[in-house]
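None of the figures in this text is laboratory data; all of them are computed from the coordinates on show. Not measured: the values here are computed from a predicted model. Counting neighbours? That spans all protein chains shown, and the Cβs are built from the backbone with ideal geometry, glycine included.
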Amino acid sequence: MTYHHFSATMHPMELVELFRKAEQLAADGEDDEARELFLRLTEFPETGALAFFRLGEIENRKKNPEESYICHMKAFELEPDLAARFVDEQRSGYVYTYRYTKVGETEVAQCPLCNAPGEMHSVYNMCTNNDFLEGFNPVRIWRICRQCNHIFAAGYPDNLQKVLSSTAPESHIAPRLQFLPGLSDTLARLRRFSHGNRMLEVGVGAGELTSVAKEMLFDITGVEIRKAYAQNVAARLDIAVSPVDFMDFTADDPFDLLMLGDVLEHTIKPLGTLEKANRLLVDGGILWISTPNFESAFSFIMKDKDPMWRVCEHLNYFSYRSLMKALSLTGFEVVDYRSSKHYNGSMEVTARRRDNKSQQDDHAECDAG
């Protein structure tokens, strides 16, 4: 992209009208016309940062992720406090006090499922999401693996575990009561698949699923990396909730069901997480996963307006195909698929752990091949 330089001055009211016109054109899907106006608006200090931000969104929609990245970074360069411009009085305001600071990141260039190089797919400004956490880079590059049909973050904070364990967004403290009936239906369905009653929930959050599981007389244990969440749910329900990373969790006996509700997309090594789940389950045990699907009906319709593109904690964005591959590689077979009733664009997948003999035969076939 070539940035033109305009020498003309403009009255403040004319500048406001020009910006409104550019915004309306973008809202109407007239990106080419909007881009020309936003390019002009980059030359004025009052509108420069926001104009570059809008250009970043337009270039992303036009499948120019490299240009999108340049524009989003230029926006923060011009105005480190740019996030304050995104204030929405209907939402919590704490995120919008953020001031851009460069953070140390671990680069991820290869697919976490097959290790193939990923292509640059898209770029989003994470500050527009209400759950943005300081410690993350606000400009997210997503990469895609064409072999696995899997999308993943191009980087994550060097101190990721510290960022996660030391924060507890208030939006996930209070249980969302509207979720309870749907979770009851889910657990009733899972009970028909399972041969036992011993359950582990990974990432208890506000404890909605844990509460319903206790009501339905499951023998429930929880794991939650955020200590505040773990203590909150353990005290309310009088059950054991370990405040540790799932990869550090240990148990004396295996479980019949293991719940990964909105967890897998947060992990650095999703295959490692699934392998851990496999080791904690009995033969024939049931694994339930809820995770966003970038090929969901919702995402197809919403395109770049899908909010899941802008959740900073999400490091993986699965498709049903990439999740099935990951499950197969880690000793599971899918027995049920459905769209989530709780989160637009998420899928709910139920898988059964293959017995040890079947898994050993699979490894033998792979070794022979």
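Of note:
- Mean-square fluctuations from a GNM of the chain, with a 10 angstrom spring cutoff on Cα atoms, peak among Cys114, Cys127, Cys71 at Cys114.
- Residue-by-residue Karplus 3J(HN,Hα) for segment 114-122, coefficients 6.51, -1.76, 1.60, Hz, glycine and proline x: 10, 6, 6, x, x, 8, 5, 9, 6
- Principal axis extents of the C-alpha atoms in segment 171-368 (largest first, rounded to whole Å): 52, 43, 30.
- Cβ-derived FRET efficiency at R0 51 Å, Ala174 paired with Asn356, nearest 0.05: 0.75
- The distance between label points at Lys341 and Ala188 comes to 0.9 nm (points 7 Å beyond Cα on the Cα→Cβ vector).
- Each of Tyr124, Cys111, Tyr156 was scored by the projection of its Cα onto the charge dipole of segment 90-159, and the greatest displacement toward the positive side belongs to Tyr124; charges sit on the C-beta of Lys, Arg, Asp and Glu.
- Three principal axis extents describe the C-alpha atoms of the chain; from largest down they are 75, 52, 35 Å.
- Highest-fluctuation residue, Val16, Val163, Val263 considered, GNM on the chain with Cα pairs under 10 Å: Val16
- Cross-link pairs Lys214/Lys341; Lys305/Lys341; Lys21/Lys74; Lys276/Lys305; Lys74/Lys102; Lys269/Lys305 - those with Cα-Cα distance over 24 Å: Lys276/Lys305; Lys269/Lys305
- Cα-projected label distance for Leu217 with Glu46, points at 7 Å along beta-carbon direction, nm: 7.0
- Helix-derived mean residue ellipticity, 222 nm - over the chain, DSSP H n ≥ 4, -39500 (n - 2.57), to 500: -11000 deg cm²/dmol
- Dimensions of segment 90-159 from C-alpha coordinates, computed as largest minus smallest value along each principal axis and given longest first, are 41, 26, 15 Å.
- Modelled FRET efficiency - R0 25 Å, Gln110 with Val334, Cβ distances, 0.05 increments: 0.50
- The length gained on full extension between Thr167 and Val244, counted as 0.36 nm times the residue separation minus their Cα-Cα distance, comes to 26.3 nm.
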